[in-house]
Amino acid sequence: MSDEFVQEWRNAAYNCFSSGHKFCREVCPVMQVERNESWTPTAFHANVVAMEQGELSVADVAADYVNCTQCGACELRCPNTLFTGDFYRFRTRTVDLVKAMRALAVDEGIHQPGYLRWNQSTDERRHEPVTGGTPVDQAHVADWAAGLNLPTGGETVLFVDCEAAFYRTSVPRAVAQILQRAKIEFGLMREQWCCGGPAAEMGYVEQAQRFARHNLDDWRAAGVKRVIALDPHDYITFTEDYPRYFGEEYDDIEVVLAVELFSELIREGRLTPSVPIERTITYHDPCRLNKRQGIWREPREILRAIPGLDFRDVDRVTQWSYCSGGGAGLPVEKPELTAKISDRRLAHAAELEVDTLVSACPWSERPLSEAGASRAIDVVDIHELLAESLGIEVGGSREAG
Amino acid sequence: MSAVATPGALDDGALEALAQLLGPEHLITAKPARMHRARVPAPFPVHRWADHLPDAVVLPRDTEEVAEVVRIANRFRIPVVPRSGGTGLTDGAVPLRHGILLDLKRLDRIHELDLENRTCTVGAGVNMLKLNEQLARHGLIYPDDPASYPCSLVGGRIGTSGWSLIGSRYGHTRDLVLSFVHVLPTGEVVRFGDGGGAKVSKSSTGYTLKPLFMGHQGTLGVATEATLKLYPKPEAELSPFWAFADYGSAHRAMRELVWADCATFAGAVLFDEHKVAYLRRDDEAYIPQPESVRALVCAVLYGNEDEVRAGGRRLMRIAKENGARYLGDEISQGDWAARHDRYATPLHGRTKAGQVVPMSWHCEDAAINWTALPAVREEWHAIVARLRERSDVFDDWGMFAYTSARTGVDYLTEIDVGIWEQELDDESWALWIAGKRDIAAVAVAHGGSISACHGACREGEVDLVPDELGGGYDVMKAIKRTLDPLNVMNPGKYGLDGAFEENRK
C-alpha cells in the first residue's frame, strides 16, 4: 500500500521538494502559531520523497499529518499552482495529500487515538459525537426543527451537518425559516446520516464512503433532485468527495450552498432584510468557501444588504492566512492547537475594534466563540444575522444547552 | 574529548541539558523533524540525505535560550547549525557535521515599533511580508525584498547578508538592519550596530563590527533580534519592460538607464537571450513575445508619485534613444509582479529530447562589473552546455543581471540551471560540483565575486573562496579561531575547519 501511495504521489512531492519555495509557510494557520517546520505543506511533501528514498515510513510521520486543518491556503499560495497551473493544469494538492497519508496510516493500522474514538462513535451513532445540549443519535437528528413543521422528502432537501443539528441549532433554524420566508419548498431527509466528510478527512475512507452511500440511497428513495447545504464542510464533501465516489450515478444531484442561494434571493428581491442590526462586524471567510471553493462575494453581498451594520471587511486574500482551526479533525486530536489558531483569528478581529465576528461555518463558530469570549467579541452565524434582519425569531441554541 | 566539535557527539548528558532548558516539546529528535531541516531549496543530493541530518532540533523562544543552547554546545563540544527560514541558496543552514539544529522560527515577535524614529525591533524569526502587513497600517515599509520575500526570515537575511531587488533605492540588508542582538560562538550576548546605540545609522566609534557579523552563514554565531530602518510606503511604483533585438543592445541600454541617476530608481534587470528563449519555451506565465524579441530590460522606480512620474518619463526617453521597444503597461505591471512574487521559474525543464521533467532551480549569483558581463555570460553558458551534453539532469534556464547599486558598478549576475533531482546520482552530482567550481572560477577571473547574494559555501564554489579573498581569507580563519575556539558554530562551512588544522600544527 505504501509503495502504491509513493508511486501515486512521487511527482507531486518532487514538484514541491525540488522547488522548496515555502511560500505556503506564512499563510499556514498551524505554522503561524507553532513555527514548527515539520508541520508545513513543504514537510508533508518532503516526507513522500523520504519514503521513496527508504528513509521514512508512514509510521514515522503519521502523527505529523494531524497538524493540518485542510484549509487549502498553501495550495493557493503555491507558485506551482499560481503559474504552472495555467498551462499544465497542475495544482498543488496538499489537502488531498494529507487526506491520502491519513488514509494510508489507517490502512496500515496506525490510528490517532482521538480520530479513532471519534470515528468509532460516529459509526455507532450515525452522527459525529459533538458535545452539546442534544443527545447525538438518530432519534434526535431533527430536534433542531421543533415547531417549524418541516416535511420529509420532496425534490429539495436541506442537509444539516452534525455540529449544527446537535450543537448550534440556531443555524439550521435560521436557514429553514429563511427558506420558508422565500417560499422555497424543501423537506428533510428520511434518515440523514453524517455526510462522511470528516471521516474521509481523518483517513477513515471506507466509513466515509459507507455513509455517503447511505445518504445518496436516501435521496434516491425520496426522489431528491436538489440538496441545500448550509455548512461549508458538507458542501465540500458533496461537491468534491461524492462525485469521486459515485461518478455518473451522482450527476443529476444538484448541490446548492445556502449562502449562495440567499444572496441570489436578495438580488432578485425575494428576500429583503429590513430590521436594522446595530453591530460593528467583520466577516470571517470560512476556509472551505474562500480558499477551497472561491466563494467570498456572496456572503459579503448578504452582509451589505443588512441595514444598520458597520461592516469592517478584510479582503479575501489577506484572509488566506486566517482560519478558526476547527477543520479536518484538528480539534478532535489537538484542541489546544485549535484554540491557539482561533485566538489568533480573534486577535485580528479585535484590531478592527468590532463587537461581532460573523462566520458562515458552524464548525468554526464553536472555537471562534470560545476565543471571542475573552475579548468580548460575539461570534454570530451569517444565517442567524440575516434571519434576524428579516424579522425572524430564530430560536435554537448557539452553545451547549 | 576532542579539542573541537565532532560529529555524532550528542550524548545523553547534552540531550538532558537541552531538555531541561527547552522542555521536551522544543527539543526534537524524531527523524522526520531532523530530515526536514537537513536541506534548503538549493539542489540537494537526495541520495545522500542522511549525511546531512542533525542529531537534534531545538526550537528556542528567545535570545537567552539561544545563548544557553550555544553554551551547552560548547560544554559538550557539539556542532550547532542555525536555521531561520531555511530558504537560502548556499546551504548555510545545511548541517555538514550533524549536531544541534538551532531553529529560530519561534523568535517571531515584534518587540517594538518606534514611529517617531521610524524603526522596529523584531525577532530573527519574523518574515518581511508578515512584518509589512503590520507596518502598512502606519504607512511604513521595511523594504528588504529578496525573491524569497514571502518566506525568508530576518535572521537568515542577517546571517547571509542578503541582497534586495530594490536595493539600489533602499539599500540591502546590511543597510536596512541598524543593529542586532547576537549570540557569539561561545554563548555571550552582544549587540552589533554602528556604534553602541541600537538605532544609529552612522557612527565612528570603535571598529565597525556590524558587517563582520553579517553574511558569515552561521559560522560566527547567530543573530536573535534586529532593529530595522523603516521607510514610508511608496506612493507609486513603475516597472517598464523594454524589448531588444539582441543582448548587446540591451546591455548598453541598461547602463544608460542606470546612469540617468533618477532619485527614485530602485533597480534594473536584464534578461539575456537564453532567458527569453527559456521563458518562451517553458514559462506559461510569460506573456508571449514575437521572435524579434531576444533580450529584455526592466527598470523599477519607487517613491512619491510626482517624482516617479518624472523619472519614468526620463527613462522612457532614454530607452527609446537606445533602441528599446516598450512592451506596454500590462506586461510591465504583470511581469514585474510575477517575477517579484516568486522565484521566477516554472519549476520544470526538459531533457534534450524535449521531455518535460520536474526540476529544481539552481541559481548562481556572482557579482560582476558591467564591463565583464558579456564575457562572463558566454563562458557560463558554455559551462552549462557542457554539463547538459553529458547528462539530461541539467537544463540551461538563461541569465539575469540585476543592479546591485545605483551607479551600475556591478550586477548580481545569475545563471539559472534546472536540475532533475529525481535522477541525481553520485556521478551527476560530481559533474555538478565540477561545473559549479568552473562557474565560480569565471567570476573570480573577471575580477568579480562568487556571490552577490546567497553566500559562497556550497560544494564546488567554496574551493575558490581563498582565491577570491586572498589574504582576507587568512584573516577570516584567524577571526574564526579567536571567536569560536571549539569550532562549534556551523563547522565545515567555508573551509574554516582548516583554521583549526593549522592551529594544531
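Computed quantities for the displayed model
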{"item": "Per-bin percent of Cα-Cα distances, the protein assembly as shown [20 Å]", "result": "14, 43, 33, 10, 0"}
{"item": "Using θ = phi - 60° and Karplus 6.51 cos²θ - 1.76 cosθ + 1.60, couplings along region A:356-372 (whole Hz; Gly, Pro as x)", "result": "9, 10, 9, 10, 10, 9, x, 5, 7, 6, 5, x, 5, 4, 4, 6, x"}
{"item": "Cβ-Cβ FRET estimate between B:A353 and B:D425, R0 fixed at 22 Å, reported to 0.05", "result": "0.65"}
{"item": "Reach of A:K334 by Cα under 13 Å, taken over aspartates and glutamates that are not fewer than 8 positions away in the same chain", "result": "A:E34, A:D64"}
{"item": "Footprinting exposure proxy for B:T403, A:T239, B:T371 (fewest neighbouring C-beta atoms within 10 Å first)", "result": "B:T371, A:T239, B:T403"}
{"item": "Number of partner chain Cβ atoms within 10 Å, mean per residue of B:30-40", "result": "6"}
{"item": "Rg over Rh, two decimals, region B:365-505 (C-alpha only, Kirkwood Rh)", "result": "1.02"}
{"item": "Spin-label pair B:R437/A:R270, simplified geometry with 7 Å Cα→Cβ offset, distance in nm", "result": "7.6 nm"}
{"item": "Neighbourhood charge, 9 Å Cβ-Cβ cut-off, centred on B:L220 and excluding it, Lys, Arg +1 and Asp, Glu -1", "result": "0"}
{"item": "Given charges at beta-carbon only (K, R positive; D, E negative), |dipole| of region A:163-306 in Debye", "result": "580 debye"}
{"item": "Average beta carbon contacts from partner chains per residue of A:205-212, 10 Å cutoff", "result": "0"}
{"item": "Residue mean of other protein chain beta carbons inside 10 Å, A:8-21", "result": "6"}
{"item": "Per-bin percent of Cα-Cα distances, chain A [20 Å]", "result": "28, 59, 13, 0"}
{"item": "Sites A:R91 and B:A310 - FRET efficiency at Förster radius 51 Å, r taken between beta-carbons, to 0.05", "result": "0.70"}
{"item": "Estimated 222 nm signal from helices in chain B, with DSSP H stretches of n ≥ 4 weighted -39500 (n - 2.57), rounded to 500", "result": "-10000 deg cm²/dmol"}
{"item": "Diffusion coefficient, µm² s⁻¹, Stokes-Einstein with Kirkwood Rh over alpha-carbon pairs of region A:170-253 at 10 °C and 1.306 mPa s", "result": "116 µm²/s"}
{"item": "Expected 222 nm ellipticity per residue - DSSP helices of 4 or more, -39500 (n - 2.57), all of chain A, to 500", "result": "-14000 deg cm²/dmol"}
{"item": "Cβ-based charge dipole, chain B, positive-most Cα from B:W259, B:S84, B:A372", "result": "B:W259"}
{"item": "Charge dipole magnitude, Cβ of K and R +1, D and E -1 - region B:425-505, Cα centre, debye nearest 20", "result": "420 debye"}
{"item": "Set A:K340/B:K229; B:K229/B:K480; A:K183/A:K225; B:K352/B:K436 screened for pairs whose C-alpha atoms are more than 26 Å apart", "result": "A:K340/B:K229; B:K229/B:K480"}
{"item": "B:D91, B:D103, B:D497, B:D261 arranged by Cβ crowding within 10 Å, fewest neighbours leading", "result": "B:D261, B:D497, B:D91, B:D103"}
{"item": "Cα-projected label distance for B:T205 with B:I479, points at 7 Å along beta-carbon direction, nm", "result": "2.1 nm"}
{"item": "Given charges at Cβ of Lys, Arg, Asp, Glu: region A:96-135 dipole, positive-most of A:G132, A:V106, A:S121", "result": "A:G132"}
{"item": "Where only C-alpha atoms are counted, convex hull volume of region B:193-306 per residue in Å³", "result": "209 Å³"}
{"item": "Over chain A, relative contact order from alpha-carbon pairs under 8 Å, at least 6 apart, %", "result": "18 percent"}
{"item": "Where trypsin sites (Lys or Arg not before Pro) fall in DSSP loop in region A:183-231, at most 15 other Cβ within 10 Å", "result": "A:K183, A:R190, A:K225"}
{"item": "Anchor A:K291: lysines whose Cα lies under 20 Å away (excluding residues fewer than 8 positions away in-chain)", "result": "A:K22, A:K99, B:K130"}
{"item": "Computed magnitude of the charge dipole of the protein assembly as shown (debye, nearest 20; Cβ of K, R +1, Cβ of D, E -1)", "result": "1840 debye"}
{"item": "Virtual spin-label span in nm between B:E291 and A:N11, 7 Å along Cα→Cβ", "result": "3.1 nm"}
{"item": "Under Karplus coefficients 6.51, -1.76 and 1.60, residue-wise ³J(HN,Hα) of region A:150-164 in Hz, glycine/proline x", "result": "8, x, 9, x, x, 6, 10, 10, 9, 9, 10, 6, 4, 4, 6"}
{"item": "FRET efficiency for A:Q138 and A:D107, using Cβ-Cβ distance with R0 set to 25 Å, rounded to 0.05", "result": "0.30"}
{"item": "Cα lying deepest toward the dipole's positive end in chain A, options A:V27, A:V317, A:M202, charges on Cβ", "result": "A:V317"}
{"item": "Loop-located GluC sites (Glu not before Pro) in region B:44-144, at most 11 other Cβ atoms within 10 Å (DSSP)", "result": "B:E116"}
{"item": "Sequence-separation-based contact order of chain B, relative, with Cα cut under 8 Å and 6+ spacing, percent", "result": "16 percent"}
{"item": "Sites matching trypsin sites (Lys or Arg not before Pro) across region A:50-148 that sit in DSSP coil, with at most 12 neighbouring C-beta atoms within 10 Å", "result": "A:R89"}
{"item": "Cα long-axis angle, helix A:113-125 against chain A (0 to 90 degrees, to the nearest 10)", "result": "40 degrees"}
{"item": "Burial ordering of B:D392, B:D144, fewest other beta-carbon atoms within 10 Å first", "result": "B:D392, B:D144"}
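Computed from the coordinates by the stated procedures, all read-outs in this text should not be read as laboratory data. Every value quoted in this text rests on a predicted model; they were computed, and no experiment measured them. Note: ideal-geometry Cβ built from the backbone for every residue, glycine included; neighbour counts use all protein chains shown.
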